[in-house]
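Report on the structure given below.
Every read-out reported here was derived from the displayed coordinates using simple, explicitly stated rules and does not represent laboratory data. Everything numeric here is computed off the predicted structure, so don't read it as measured data. Note that we place each Cβ from the backbone using ideal geometry, even for glycine, and neighbour counts take in every protein chain shown.
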Amino acid sequence: MHNPPQLFLKFFRWFCHPRLVKPIEGDLMELYEERVLELGKKKADRKFIKDVLLLFRKDIIKPAEGSIKLNYYGMLKNYFKVGVRNILKYKTFSFINIFGLAVAMSVSMLIILMIANQDKADQFHPNKERIYRILTAKEGDGMLRATSPLPMAEELLNYSGIEKSTHLVRGIGGDIEARDLNKSTEARGFFADENFFEVFGFELEEGAKSSALKDPRSIVISKAVADRLFKDVDPIGQNIQFTERGLDAIKLDFGVARGSESVDWGQYIVTGVVDLSKYPTHIKFDALISSATIDQLEFLTDHQKSWGHNSRSYTYVLLSQGVSGSELQASLNQITVEKEEILNEQSFQIQAMEEINVGRFLANPIALRLPIEGYYILAILAFAIMFSACLNYTNLSIARALTRAKEIGVRKVNGATKKDVFFQFMIESILISLISLLVANAVLALIKPLFLNLWAIQHLGPELDLTFSILIQFFVFALCVGVFAGLYPATRLSKFTPVKVLKGNLSSGSRKLGLKAALNITQFVFSLFFIITAIVIIRQFNHYLSTDYGMQTNSILNIPLQGNDHKIMMAELSTVPGVEQISACLTIPALPISHGASYSTTGADDENWYPSEFMSVSPSFAENLELTIIAGKNLDNESEGRRELVINEFATKLMGHDNPNDAINQTLFIDKEAEPWKVIGVIKDFNFQSAIMGEGEQSLLMRNDPSVFSYLNIKIAGNDPLKVTKLLSEKWESVDPVHQMQGTFYDESIARSNQWMGDLGAIIGYFAFLAILISCLGLLGMAVYTTERRVKEVGIRKVLGAGSTQLALMLGRSFLILLGVAIVIAAPLSYFVNKLWIENIPNQAPFGVGVVLLGSLIMLVLGILTIGSQVFKVTKSNPVESLKYE
Amino acid sequence: MKKFQLGEFEEIVMLTVAILYDDAYGVSIKKEIESRLNRGVSVGALQSALKRLEDKDYLKSHDGDATQERAGRPKRYYKITALGKEAMEYTKETRNSLWDAIPSISLDVKFARLFHA
């Protein structure tokens, strides 16, 4: 046997049409052999080369793609078909896989949606990649602040590489009135300078961008405000009146808007209208007032305008083309060094525009955003669930390897390579994950409205719009899930040796079962942890809801005064039938709105200054809320002039008086005021703090300063509070036609202020539900598989006289052990982890072993039901049925 | 009438396949043509003709046994199909009819010229 030139033989094999390769190569070899004998190797070689080269012609060369592609198409079709058949044939397993993957995917998709929609914000600025915000860090203060000193924006213009800088000064929150039109609306916003429209990409619907914020007393309003005030007239050039009421820039709805005393900020001219609905952004405002106005209003103190103060102003910088963020940071470092003496240990950092919306948690936020840490936590939870569901798929696929082993053997004997089998199983798992994607979309449609209804989510205000690009992301996500879930089974199954599997001696191996059990135990550990945590949070939430605040809150309606004189309003509203009593106050107890002050008994600097809640209430307040005076007397209408105080029992103890009566007529100094206050009464301790803040174990000082009252507390008698509310709002309108009455019942406000915890419980609860669902599905799969394989064994045992209970125990024992191990690991773990946080909050709900036992019991019952459904089926089966065939 | 496309070389290949009957595969066809017609035939030309004829359904093929001297490659045997037979007959007939149509004088002239030259 002689060898022709290998290079040319290879070349021939490469270019030749696969259908012709073998016979032609045979011809060539035959001729070559002959020629070698006849003409010698050299000449034969030459002729061989000539033949090969002459074969390189149109009819012989393989088509560019044809045959290979055809082959793949056929195989793909076959893989797909076999995949679909398998899904349909093993309905239980397909259901477990698809359903498990789908619910897990729905959560991940929700988080993808959230992130995608946050990413959409602030994409409209033409120079968005060059915009940075300046953050402030203060020595000894852990958290970075989104705000920076007021002079920063102007100072930065002296540095190179900075094209424009602008600042937003917070502190606008009040009423805009168009007096000529007799219309008014609430508005919150910022002071902004003329560079605002150059740094950011907002366009004005009306007005000129260059001059809109230039002159003092200019105001740019949102289209929503403009529509309310100037429906039929051109807003530009209109005069409006602004009354500052100290509304917080970030609107947190506890049913009662915080507002302080009204300050008249005078007249403004409308110079522009922005349609904010066009711009998804973190800068939310109803109105922008030109910064030049700040100096005309006595709104900021000199200290607040200085470099030493940093909680008022947000500084944004637009860098010149080609300048990097590190150069800006260098400039900031230079400022820190140069102004070291006046900076009060502040230093500055930069934050790129894209990091603002999905970024770290910052103090003094400009808008409520879920910080990046929140996303991390949600993503980790979702990943855990997704991982768990993928484990199910892996577990079940491996467990069922036997049913597919023969098929793999036959495929391999027929010429399939390891790669082909691997590919086949990958296609199958991707197929399943794509079906799951469809189901997941349905689940997502179900949970999305529930999710958006959560109180906390409403305030974070995410929009969860499905767009084409998000659907593509979902698709890619599903592909990844399919690949991830299928990777291990496909690798394992493709390794089967045909001889072994066709002979039928494929051992599943006890070691591998150990791995599967370990994976399932991990799932149950997760589940139990989630279940217990959810129970703890929900119990805590219910505990907060049922907290006894030591005061009467039933059928009390709290109404924000919205700048009205409390005396007139009280007098008018008290004439409404059904009103039992009215009182007024500055802050409402038990809501997360407070007004703090520090006090001491002597007023000396080195004396103990105690923190306290400093309330201002009308004399009727104590009676209205059924607070008990235990010593001295209540405040009266003249108390303010006489600087009289009512304090709580806790404060008397701090002052060193065991008997409350001893505190009467003692003097107190508040917030370093020179003139002392006199204690005239002591009330019994009650829980005036919001549940999460404390249990009322703090000093409470009450005065009667009518000038700061911002709420009325109206006690409504009778059975029809809604009717009385309606009468009240009618009466309100006759006194104040400008504002609408906003009232919320006290109990509802308290419930709403604690709602975030209920939401947290709901979210963790949902995760717990998913986790246990997926774990049980995994358990179900293993149980179905194991019991099905042992049907015959059970039949024989029954014939030989084994009882149902005995059989059930035999079949279920290993699963019970599995559940037991999971409980032994998870129960102490979740006990200690939950103890860690619950011990650090005030007002704890009782937390003990009972909760852990309850959680474990829930899981155990679900687990036993899962196993039982299968075991019961098998033990009840008639042995004749199971033994008959074959 | 159907049109049968059969080139000169293709016709030779068809005829040779018919002659070889049971033993028509690449090398044998090549050798048969070379010995009978006394002309060289490259493997490439032959194989491409065979493939074209097969594509036209004039020939059909089946693989034979692999043998030692062919490095374990099978021989591909060719046979003439009914269509192929029709095509050959058609070609022969057209030729015959053309021959028949030649007036005898035409050839005589040639002979005459030959004589006088």
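Summary table below
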item: Extreme residue, positive dipole direction of the stretch A:310-444, given options A:Phe383, A:Ile356, A:Tyr314 (C-beta unit charges); result: A:Phe383
item: 18 Å Cα-Cα reach of A:Lys91 towards aspartates and glutamates, excluding residues that sit fewer than 8 places from it in its own chain; result: A:Glu428, A:Glu788
item: Charge tally in the Cβ shell below 15 Å around B:Leu37, where Lys, Arg are +1 and Asp, Glu are -1, B:Leu37 excluded; result: -1
item: Listed residues A:Gln689, A:His739, A:Ala762: farthest to the positive end of the dipole of the stretch A:641-773 (Cβ charges); result: A:His739
item: Chain A: angle of helix A:18-39 to the longest principal axis, Cα-based, in degrees nearest 10; result: 40
item: Likely footprinting exposure, A:Cys776, A:Cys480, fewest C-beta neighbours within 10 Å first; result: A:Cys480, A:Cys776
item: Distance violations [Cα-Cα > 20 Å] among A:Lys209/A:Lys231; A:Lys62/B:Lys51; B:Lys30/B:Lys51; A:Lys22/A:Lys419; A:Lys653/A:Lys684; result: A:Lys209/A:Lys231; A:Lys22/A:Lys419
item: 11 Å beta-carbon shell around A:Leu39, net charge (K/R +1, D/E -1); result: +3
item: Cβ crowding within 10 Å averaged over residues, with A:566-574, A:419-427 ranked highest first; result: A:419-427, A:566-574
item: Near-label residues of the stretch A:420-454 by backbone N, under 20 Å of a point 7 Å along Cα→Cβ of A:Val483; result: A:420-438
item: Sorted by Cβ neighbour density within 10 Å, fewest at the top, the residues A:Ser594, A:Ser324; result: A:Ser324, A:Ser594
item: Relative exposure of A:Lys418, A:Lys798, judged by other C-beta atoms within 10 Å (fewest first); result: A:Lys418, A:Lys798
item: Rough spin-label spacing in nm, given labels placed 7 Å along Cα→Cβ, for B:Thr81 and A:Gln241; result: 10.1
item: Translational D in µm²/s for chain A (Stokes-Einstein at 10 °C, 1.306 mPa s, Kirkwood Rh from C-alpha pairs); result: 46
item: Built amide H within the under 5 Å cut-off of A:Leu135, gap 5+; result: A:Gln349, A:Ile350, A:Gln351
item: Extension reserve of the A:Leu883-A:Lys183 stretch, reckoned as 0.36 nm per residue once the Cα distance is removed; result: 243.3 nm
item: Charge dipole magnitude, Cβ of K and R +1, D and E -1 - the stretch A:1-150, Cα centre, debye nearest 20; result: 360
item: Simple label model, 7 Å out from Cα along Cβ direction - A:Lys495 to A:Ser311, nm; result: 6.2
item: Cα long-axis angle, helix A:325-338 against chain A (0 to 90 degrees, to the nearest 10); result: 30
item: Point-charge dipole on Cβ atoms (K/R +1, D/E -1) for the stretch A:356-420, about Cα centre, debye to 20; result: 420
item: Length released on extending from A:Asn414 to A:Lys138, taking residue separation times 0.36 nm less the Cα-Cα span; result: 92.1 nm
item: Column: log10 I(q)/I(0), Debye, Cα scatterers of the stretch A:157-238, q = 0.13, 0.14, 0.26, 0.27 Å⁻¹; result: -0.47, -0.54, -1.46, -1.50
item: Charge-dipole axis of the protein assembly as shown as Lys and Arg at +1 and Asp and Glu at -1 on Cβ define it, positive-most pick from B:Tyr58, A:Phe200, A:Pro577; result: B:Tyr58
item: Electrostatic dipole magnitude of chain A [Cβ: Lys, Arg +1; Asp, Glu -1; Cα centre; debye, to 20]; result: 9200
item: Pairwise label distance in nanometres, A:Val82 with A:Ala518, each label 7 Å out on the Cα-Cβ vector; result: 3.1
item: Gap separating the Cα centres of the stretch A:693-757 and the stretch A:391-434, nearest whole Å; result: 66
item: Chain A: angle of helix A:804-838 to the longest principal axis, Cα-based, in degrees nearest 10; result: 40
item: FRET efficiency, 1/(1 + (r/R0)^6) with R0 30 Å, evaluated for A:Val824 and A:Ile447 via beta carbons; result: 0.35
item: Out-of-range pairs (alpha-carbon distance over 25 Å; input B:Lys60/B:Lys92; A:Lys406/A:Lys792; A:Lys284/A:Lys723; A:Lys10/A:Lys41; A:Lys567/A:Lys715); result: A:Lys284/A:Lys723
